[in-house]
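Please read the structure below before turning to the comments.
The values are calculated or read from the model by the stated rules, or taken from the named source; none is laboratory data. This one's a predicted model, so the numbers in the text were calculated from it and none came from an experiment. Cβ coordinates were reconstructed from backbone atoms using ideal geometry, including for glycine residues, and neighbour counts include every protein chain displayed. Protein only, heavy atoms only, side chains kept; ligands, DNA and RNA dropped before computing areas. Shrake-Rupley method; radii C 1.70, N 1.55, O 1.52, S 1.80 Å.
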Amino acid sequence: MLALKKGDIDFMLNPLGLQRGLQEQLKDQAGLATIENPSNGFRYLGFNFRRPPLDSKAFRQAVATLIDKEFLTRTVLQGVAIPMYAPVPEGNGFWHNPNVPLLGKGLSRGDRIAQAVALLKAAGFTWQTEPKMSQDGKFVEVEGKGLKMPNGQPVPSLEILAPSPGYDPLRSTFAIWIERWLNEVGIPAKARLTGFNVIVETIEDPQRFDIWILGWGLSLFPDYLEAFFHSRRAVPGGHNRGGYSNPEFDKLADELLTETDLSEARKKAFKMQEFLADDLPYVVLFTTPVLETYRSDRLKFPYTQTLNGLQSGNGLTTTVVIK
């Protein structure tokens, strides 16, 4: 940043873009321009399907319902993040399905809890003490206690692995609030904020984790829907770390990879997004715009509005004009 301000360099490649705090340091600096573009990536919460109750669709839907993405992104994080519900970002317009199920969107805190309780009850979960909202519906008056799975066994303590504030304050903030919201309805969860590499290493072993929060940078063609969620990818070294397995989805994923007609491939990708937003191997949480600063007094780019920013084209070094 200092080199950029001094004019020693003209552009800095950064796959995550410019943090808001650094943007403030460069604000109103002569000769610099800051641009904002949609990101082709997302942050998510994933479940280890090998451990009950994380293998329960109703449980996953209850968790998704309790997470108020709009409150966190707009109020707590002051608009630096954008809530997401589909695993293909909105910026990737051709492949993004805007009509996926939006679990919990627009609900009040009381309605979220009521809906989560109803989902769990319908699936056979029981409480010693059910959660109860205050009369005005603004806070939990009685926290849930003694939540039991349909087989009568207590819901075990669940650990939420997430990056530390030093690495990503956005994901750590989500983890802390998710812990709070799950505990309010009696789901015993604890956020563990740790190093990025620690999380990646831990989720390689199916026996060592429950829930984790990480993120993905994505390709334009959404073949990653197969790579992340097909059952054949639930192997050592595969990207399906949660062990998600559903024959219906596997069939869709196989068809996407073999489809040769673009419009038909788009239809299949849309169906896969609808499927995933309902079945929830991931709760897709949010994305962030890519902010970049360059020396506009020295560089003239052929364009600056592009998915994932100028860094996605390595700074357009073959077409940029040096004044």
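Brief remarks follow.
- Screening ASP55 against (1) open to solvent by 30 Å² or more (accessible area, probe 1.4 Å); (2) touching a helix residue (DSSP H, G or I) at 6+ places or on another chain (Cβ under 7 Å) leaves a single unmet condition, (2).
- Meets criteria (within 24 Å of GLU90 (Cα to Cα), in a loop (DSSP other than H, G, I, E, B) and in contact with a Phe, Trp or Tyr (Cβ under 6 Å, 6 or more places away or on another chain)) for GLY243: no
- Subset tally (residues that are among the charged types (D, E, K, R), outside any helix (DSSP H, G or I), closer than 22 Å to LEU276 by Cβ and over 17 Å from the mean Cα position of the chain (by Cα)) for the range 78-136: 0
- Of the residues making up the range 30-44, those that are among the basic types (Lys, Arg) and either in a loop (DSSP other than H, G, I, E, B) or more than 12 Å from MET84 (Cα to Cα) (or both) number 0.
- Annotation for the range 179-186: at least one member residue is crowded, with 20+ Cβ neighbours inside 10 Å, in a loop (DSSP other than H, G, I, E, B) and modelled with pLDDT of 95 or more.
- When residues in the range 213-245 are screened for being open to solvent by less than 30 Å² (accessible area, probe 1.4 Å), under 25 Å from PRO52 (Cβ atoms) and without any contact (Cβ under 8 Å) to a residue 60 or more places away in the chain, 4 of them pass.
- Hits in the range 308-323 (condition: in contact with a Leu (Cβ under 8 Å, 6 or more places away or on another chain), open to solvent by 30 Å² or more (accessible area, probe 1.4 Å) and either among the hydroxyl-bearing types (Ser, Thr, Tyr) or closer than 18 Å to LEU291 by Cβ (or both)): ASN314
- Qualifying positions in the range 249-276 - in a helix (DSSP H, G or I), farther than 23 Å from LEU102 by Cα and open to solvent by 50 Å² or more (accessible area, probe 1.4 Å): LYS251, ASP254, GLU255, LEU257, THR258, LEU262, SER263, GLU264
- Condition check for ASN99: farther than 24 Å from ALA189 by Cβ, modelled with pLDDT of 95 or more and of a type in the set (S, T, N, Q): yes
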